[in-house]
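The values are calculated or read from the model by the stated rules, or taken from the named source; none is laboratory data. Nothing here was measured: the structure is a model prediction, and the numbers come from that model. Cβ atoms come from the backbone with ideal geometry, glycine included; neighbour counts cover every protein chain shown. What goes into the accessible areas is simple: the full protein's heavy atoms, side chains included, and nothing from ligands, DNA or RNA. Shrake-Rupley method; radii C 1.70, N 1.55, O 1.52, S 1.80 Å.
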Amino acid sequence: MRKPVLVANWKMNHGPSDAKEFMRGFLTRHKRRMDRTVIFCPTAAAIAVVAEAAHGRPDILVGVQNIFWEDKGAYTGETSAPIARDAGARIALVGHSERRHVFGESDLETAKKCAAAARAGLTPVLCVGETIEQRERGDTNDVVVRQLRTGLSMLESASVSTALIAYEPVWAIGTGRTATPADATDVHEILRANLREIVGAKAADIPILYGGSVNPSNAAALLSAPEVDGLLVGGASLEPDTWARLCSLDLPS
Ligand code: PEP
């Protein structure tokens, strides 16, 4: 059994002041538990505040929602992996569906971002997932396998073995529509089989998270599904009480 990983993706919500207030509320509700890891991905501007609040809590890590693939230079508005790390991030989301579908990020760009994250000592969480049209055409497996293989293509095996993968069907993100636990398992099994082909069985033993309209009512069922090692949560991570409830659930052992 892999240790469950629960990731909050705040998207473009909670600036530094809100984030500080959020963490005060969350930390009083969710006491240290080493049987799970909780990761916060705030906006880049709030990374330092969240990292400071989580200081002394080894069960909590901070991530950045997006990075650029160059380490420094004339790239106005971008955040590099070394800068995110300096601010307190240890994790980097890469290829989130909103990056791919709102900002047009390509598979090759996700590969460069995974490589930049690893270079700077950030753990990439590579997000993959199909649109509803792709699912209805029966293309889900082809899409997620292509995103997985290209996204990891610039990483050494050693870096793949410390990465995380998140399966997030685009049609489930922020829609209130969730994949069934069985649907999630089907895709996670395909991803795991491909990871084994890419890096071998031992190195492929990395967490594969599910994301898409997860909330405290459906989280336990999803986490009980085979090959679902954690959750990536947007909307239900935005309020400290709801997120603390989700993080404090009894998890399958
Ligand atoms: C996400 O932002 O990755 C996500 C899964 O959002 P939501 O939980 O709101 O569907």
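Key figures for this structure:
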| item | result |
| --- | --- |
| Subset of the stretch 5-42 that is part of a loop (DSSP other than H, G, I, E, B), of a type outside the set (A, V, I, L, M, F, W, C) and in contact (Cβ under 8 Å) with a residue 60 or more places away in the chain - its residue that is nearest to LEU222 (Cα to Cα) | ARG36 |
| Residue selected from the stretch 163-182 under the condition under 16 Å from ILE132 (Cβ atoms) and open to solvent by 50 Å² or more (accessible area, probe 1.4 Å), by the criterion nearest to the chain's Cα centre (by Cα) | GLY174 |
| In the stretch 126-170, the residues that are of a type in the set (D, E, K, R) and within 18 Å of LYS112 (Cβ to Cβ) | ARG146, ARG149, GLU156 |
| Some residue of the stretch 122-142 being under 16 Å from the mean Cα position of the chain (by Cα), part of a helix (DSSP H, G or I) and either hydrophobic (A, V, I, L, M, F, W, C) or within 24 Å of VAL50 (Cβ to Cβ) (or both) | no |
| Evaluation of ASP71 against (1) open to solvent by less than 10 Å² (accessible area, probe 1.4 Å); (2) closer than 24 Å to VAL160 by Cβ (one fails), failing number | (1) |
| From the options LEU223, LEU209, LEU231, residue that is more than 11 Å from the ligand (Cβ to nearest atom), under 27 Å from ALA117 (Cβ atoms) and touching a residue at least 60 places away in the same chain (Cβ under 8 Å) | LEU223 |
| Subset of the stretch 190-237 [closer than 21 Å to ALA179 by Cα, open to solvent by 50 Å² or more (accessible area, probe 1.4 Å) and not in a helix (DSSP H, G or I)] | ASN215, SER217, PRO226 |
| Yes/no for ALA92 being crowded, with 18+ Cβ neighbours inside 10 Å, at pLDDT 95 or above, in contact with a helix residue (DSSP H, G or I) (Cβ under 8 Å, 6 or more places away or on another chain) and part of a strand (DSSP E or B) | yes |
